[in-house]
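Enquirer: This structure is in structure tokens; I'll ask about it shortly.
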Amino acid sequence: MRTESTVEPGQTSLPSTYDRFVKQLRQASQSVVISPRVFQKAMAFSQGDIAALAHVHRVTVSRSPENPQIQGFMREALRVLSNAAQIHDDFREVAFWFRNEPLSAFGHKTPAELVSEGRTDDVIAYVQSLDAGVSG
């Protein structure tokens with residue numbers, strides 16, 4: 001599943017650290033759920049991208065942001081982003097990797113696509129192997 005984004009470069013508000021990113025998500029939330037709007041804007045995903053990655057209809061993203069599938073995808077994405085941010089100083093580079101980098105070890109799928117497929121633990125293990133110097 002390859003998704004196309006309609007978000008133009010420069011329209012994002014992605015901070016340089018993972019901690020600041022999480023703080024931005026937390027501050028934007030009116031409840032305990034992650035705001036898909038803030039997540040998608042920061043990560044330069046379109047509403048359609050988030051819907052496709054979470055396996056829901058596009059309208060669900062705006063009408064039901066607390067939807068378990070949407071929240072689940074974003075939580076799992078945060079797990080991968082958190083792990084990757086531990087080995088790379090610039091969170092903007094981590095976000096670019098998550099969204100765009102095809103991983104040859106996984107059939108040239110991006111980390112975002114793998115999370116969408118329920119393979120978060122595989123991506124985290126891959127990131128940890130990079131940190132240990134095993135892959136890459």
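Enquirer: Failed condition for Gln47, given (1) closer than 23 Å to His88 by Cβ; (2) surrounded by 16 or more Cβ atoms within 10 Å (Cβ to Cβ), with all others met?
Expert: With (1) closer than 23 Å to His88 by Cβ; (2) surrounded by 16 or more Cβ atoms within 10 Å (Cβ to Cβ) applied to Gln47, the lone miss is (1).
Enquirer: In segment 23-47, what count of residues is obtained for those that are within 14 Å of the chain's Cα centre (by Cα) and part of a helix (DSSP H, G or I)?
Expert: The total comes to 10.
Enquirer: Let me ask something additional. Out of the residues in segment 99-109 that are in a helix (DSSP H, G or I) and in contact (Cβ under 8 Å) with a residue 12 or more places away in the chain, state the one that is surrounded by the fewest Cβ atoms within 10 Å (Cβ to Cβ).
Expert: Filtering segment 99-109 for residues that are in a helix (DSSP H, G or I) and in contact (Cβ under 8 Å) with a residue 12 or more places away in the chain, the one surrounded by the fewest Cβ atoms within 10 Å (Cβ to Cβ) comes out as Ala105.
Enquirer: Counting only residues that are closer than 18 Å to Ser35 by Cβ and surrounded by fewer than 20 Cβ atoms within 10 Å (Cβ to Cβ), which one in segment 77-90 is nearest to the chain's Cα centre (by Cα)?
Expert: Going through segment 77-90, the residues closer than 18 Å to Ser35 by Cβ turn out to be 77-79, 81-82.
Subsequent filtering for residues that are surrounded by fewer than 20 Cβ atoms within 10 Å (Cβ to Cβ) retains 78-79, 82.
Details: Leu78: 6, Arg79: 9, Ser82: 10 Å.
Filtering first and then ranking leaves Leu78.
Enquirer: Does Phe73 satisfy the criteria of being among the aromatic types (Phe, Trp, Tyr), surrounded by 12 or more Cβ atoms within 10 Å (Cβ to Cβ), outside any helix (DSSP H, G or I) and modelled with pLDDT of 95 or more?
Expert: No: the conditions fail for Phe73.
Enquirer: Can you find a residue that is farther than 19 Å from Ser16 by Cα and part of a helix (DSSP H, G or I) anywhere in segment 77-90?
Expert: Filtering segment 77-90 for residues farther than 19 Å from Ser16 by Cα gives none.
No, there is no match, as no residue in segment 77-90 is farther than 19 Å from Ser16 by Cα and part of a helix (DSSP H, G or I).
Enquirer: Now, a different point. Return yes or no: is Ala112 within 14 Å of the chain's Cα centre (by Cα), closer than 23 Å to Val32 by Cβ, surrounded by 14 or more Cβ atoms within 10 Å (Cβ to Cβ) and at pLDDT 95 or above?
Expert: no
Residue by residue, here is whether (1) touching a strand residue (DSSP E or B) at 6+ places or on another chain (Cβ under 9 Å); (2) surrounded by fewer than 22 Cβ atoms within 10 Å (Cβ to Cβ); (3) free of Cβ contacts under 8 Å to residues at least 40 places away in the same chain; (4) aliphatic (A, V, I, L, M) holds:
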residue	(1), (2), (3), (4)
Ala51	no, no, yes, yes
Val56	no, yes, yes, yes
Gln69	no, yes, yes, no
Phe96	no, yes, yes, no
Ala125	no, yes, yes, yes
Gln128	no, yes, no, no
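Enquirer: Quick check on segment 19-27. Is at least one of its residues modelled with pLDDT of 80 or more and over 16 Å from Met74 (Cβ atoms)?
Expert: Yes: one or more hits.
Enquirer: If a residue must be at pLDDT 85 or above and not in a helix (DSSP H, G or I), how many such residues does segment 7-18 contain?
Expert: 4
The values are calculated or read from the model by the stated rules, or taken from the named source; none is laboratory data. Predicted model only: the values in this text are computed from it and were never measured. Ideal geometry is used to build each Cβ from the backbone, glycine not excepted, and the neighbour counts take in all protein chains shown.
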